[in-house]
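Before any comments, here is the structure.
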Amino acid sequence: MRSKLLPLIFAGVIFSFFSFNANAQVSEIVFDFLSRYSNSLLYGNYQSHAALFSDPTYFEGRYYTKQQITNVAKNFYSKNITLSHSWKVLDYHVNSKGMILIEAIEYQTIRPRNGGRANSTAQKKLIFLGYENGYKCFSKTTE
């Protein structure tokens, strides 16, 4: 009896090891992407920010080509300065199509370049990441 259980226990340990590694890898992808997103807003430029998005991308209720999302980013950067940006990750998982779904709260403080008052927001976001020469945002919407 004992010799029959040993292979099952071994298989369970191996499965757990690979499952843990896969979850750790997804976690690393999620937090790396969100860090790059924040850093592009704080220290980058519109081109570095637009490079985080796929072509096409679904952004806040509308589909955009690479050129269009670049123009959206350029417009944002030309009018605003990001003073702070961070995320609180609520959940993430890989869907049946292999895309990573992130549910997070986005915290952002911006100030208009024309000297207006700073404005802070906290919004729940749903982000889909897919692999396209690195993980990119295929969809970002406010929930």
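Coordinate-derived values only; no laboratory data. All figures in this text were calculated on a predicted structure; none of them were measured in a lab. Here Cβ is always computed from backbone atoms with ideal geometry, including for glycine, and neighbour counts include all displayed protein chains.
Of note:
- Members of the stretch 124-141 found to be of a type in the set (S, T, N, Q) and surrounded by 12 or more Cβ atoms within 10 Å (Cβ to Cβ), listed by number: Ser139, Thr141
- Residue under evaluation Ser54, criteria (1) closer than 20 Å to Phe128 by Cα; (2) within 18 Å of the chain's Cα centre (by Cα); (3) surrounded by fewer than 18 Cβ atoms within 10 Å (Cβ to Cβ), criterion not met: (3)
- Of all the residues in the stretch 57-74, those that are surrounded by fewer than 19 Cβ atoms within 10 Å (Cβ to Cβ) and free of Cβ contacts under 8 Å to residues at least 12 places away in the same chain number 6.
- For the stretch 66-114, filtering for residues that are farther than 16 Å from Cys137 by Cα and touching a Gly at 6+ places or on another chain (Cβ under 8 Å) leaves 0.
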